[in-house]
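First comes the structure, then the notes that go with it.
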Amino acid sequence: MNLPLAGKRALVTGASGALGQAIARRLAADGAHVLLHGHTQPEALRALAAAIAAAGGSAEACVFDLTSDAATAEAVAGMLAGGAVQLVVNNAGIHDDAVFPGMKAAQWHRVIDVSLHGFFRVTQPLLLPMLRTRWGRVLNISSVAALTGNRGQVNYAAAKGALNSATKALALEVASRGVTVNAIAPGIIESPMATGAGSAFDADAIKRLVPVQRAGTPQEVAALAGFLAGPEAGYITGQVISVNGGLC
């Protein structure tokens, strides 16, 4: 069986969430050894690693605090001890919503720190070893909020918008070395946070907002991630690609 990512090592940050799990499973199914990052739910990461192994894949949990320079540097050094990480999926991100006049400084800084500074802390030290192999993929998980805005999410939209700009700039720097850099901007995707009880996106709201009249699935986003990670996507770089059912 042809496994397009056989022999590659991949890191997925925020792998304990619904979207991170789906992406990790897809990359593992395509042959990559997947490093599963998380911080607050280590048992979920270990269960995911076991499930991937039971399905014939390969994965391991990597528990560390992405908001800590020291903890991330130590974790990245441990990853590189096993060889270059040629595929990085910057999926970790958080919401801490409030209308801007009432937003606290801690809400602003925390959301920016995870999505944007976390991208730097992980990707920057992994990049040079990746470049030396002359093959690599960086996938940044953005959001429709970065493209259209969303009330109560100025912090989140700012973080993801900056990630989109970083995607385009970094793509230019590394393109000649066989490394592509792209962003995926999901719309409303099924998850406990986005569509669960108490969410603003109930079934009626989704039908009004989304032309295809349903939420997307994590697996649909993971399918795009799997394609962009594979050899057939080598001529796609510097792009922000939406998966949103026609939302924008």
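Laboratory data are not the source of any read-out in this text; all were calculated from the coordinates shown. Nothing here was measured: the structure is a model prediction, and the numbers come from that model. All Cβ positions, glycine included, derive from the backbone under ideal geometry; neighbour counts span all protein chains shown.
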From LEU48, LEU80, LEU11, residue being touching a residue at least 12 places away in the same chain (Cβ under 8 Å), aliphatic (A, V, I, L, M), within 30 Å of ARG177 (Cα to Cα) and surrounded by 18 or more Cβ atoms within 10 Å (Cβ to Cβ): LEU11
Residue in the stretch 25-45 that is more than 25 Å from ILE188 (Cβ to Cβ) and hydroxyl-bearing (Ser, Thr, Tyr) present: no
Residue count, the stretch 136-157, condition more than 16 Å from MET79 (Cβ to Cβ) and touching a strand residue (DSSP E or B) at 6+ places or on another chain (Cβ under 7 Å), comes to 8
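Could you tell me whether the stretch 105-125 includes any residue that is under 25 Å from ARG25 (Cα atoms) and of a type in the set (Asp, Glu)?
Quick first cut of the stretch 105-125, residues under 25 Å from ARG25 (Cα atoms) only: 114-116, 118-125.
Add one more test, that the residue is of a type in the set (Asp, Glu), and what stays is none.
No; the residues of the stretch 105-125 include none that is under 25 Å from ARG25 (Cα atoms) and of a type in the set (Asp, Glu).
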Hits in the stretch 123-136 - residues which are loosely packed, with under 15 Cβ neighbours inside 10 Å and either at positive phi or not in a helix (DSSP H, G or I) (or both): ARG134
If LEU172 meets every condition in (1) in contact with a Ser or Thr (Cβ under 7 Å, 6 or more places away or on another chain); (2) in contact (Cβ under 8 Å) with a residue 40 or more places away in the chain apart from one, which number is that one? (1)
